[in-house]
Amino acid sequence: MNSFVITPRSKKEYQFLIDLIHKLNLNTSELSKEEIEDAGLLFLMKQADRSKTVSRDTIMKKLKS
C-alpha cells in the first residue's frame, strides 16, 4: 500500500485533517521535522549517481584544503 505526507498550513487545517482521519478510521503516524529531513535525505541518496568513483588521493587532497 502506498503512503503520503500532508503538511497542513495552519493549526486549524491540522485539526481538521486529524478529525477527518479519525472519522475515516485510518492509521496515522506523525513525523518530526528531523524524521522528514531524514526521509528527504534518503530520497536524494537513492537518486545519487553511484557509477562514478573517486580515488582516495583525490578525497584526501580535498579534505586537506
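How are the C-alpha pair distances of the chain spread across 5 Å bins, as whole percents from the shortest bin up?
3, 11, 14, 16, 13, 11, 7, 5, 6, 6, 6, 1
For the range 1-42, which chymotrypsin sites (Phe, Trp or Tyr not before Pro) are in a loop by DSSP, counting at most 10 other Cβ atoms within 10 Å? Don't jump to the answer; show the numbers that get you there.
Working: sites: 4, 14, 16; in loops: 4.
Qualifying residues, ordered by number: 4.
Report the net charge of residues surrounding residue 44, where surrounding means a beta-carbon distance below 13 angstrom and charges are Lys +1, Arg +1, Asp -1, Glu -1.
Charge balance in the 13 Å sphere: -1.
Using a Gaussian network for the chain with springs between C-alpha atoms less than 10 Å apart, which of these wobbles most: 41, 20, 31?
Judging by the Gaussian network model, the answer is 20.
Tally Lys and Arg at +1 and Asp and Glu at -1 over the other residues with C-beta under 14 Å from the C-beta of residue 3: what net charge comes out?
That sum, taken over residues with Cβ under 14 Å, equals -2.
So if I place +1 on the C-beta of Lys and Arg and -1 on the C-beta of Asp and Glu, and nothing else carries charge, what would the dipole magnitude of the chain be about its Cα centre? I want it in debye, nearest 20.
Using only the charged Cβ atoms, the result is roughly 440 debye.
Net charge around residue 18, counting only other residues with Cβ within less than 12 Å of its Cβ (Lys, Arg = +1; Asp, Glu = -1)?
Numbers: positive: 11, 12, 23; negative: 13, 19, 30.
Counting the neighbours of residue 18, the net charge comes to 0.
Hey, for a label at residue 36 modelled as a point 7 Å past Cα toward Cβ, could you say which residues of the range 10-28 have their backbone N under 19 Å away?
10-21, 28, by backbone N distance to the label point.
Values in this text are rule-based calculations from the coordinates and carry no lab data. Only a predicted model underlies this, so the values are computations on that prediction, with no experimental measurement involved. Because the Cβ atoms are built from the backbone with ideal geometry, glycine has one as well, and the counts that use them run over all protein chains shown.
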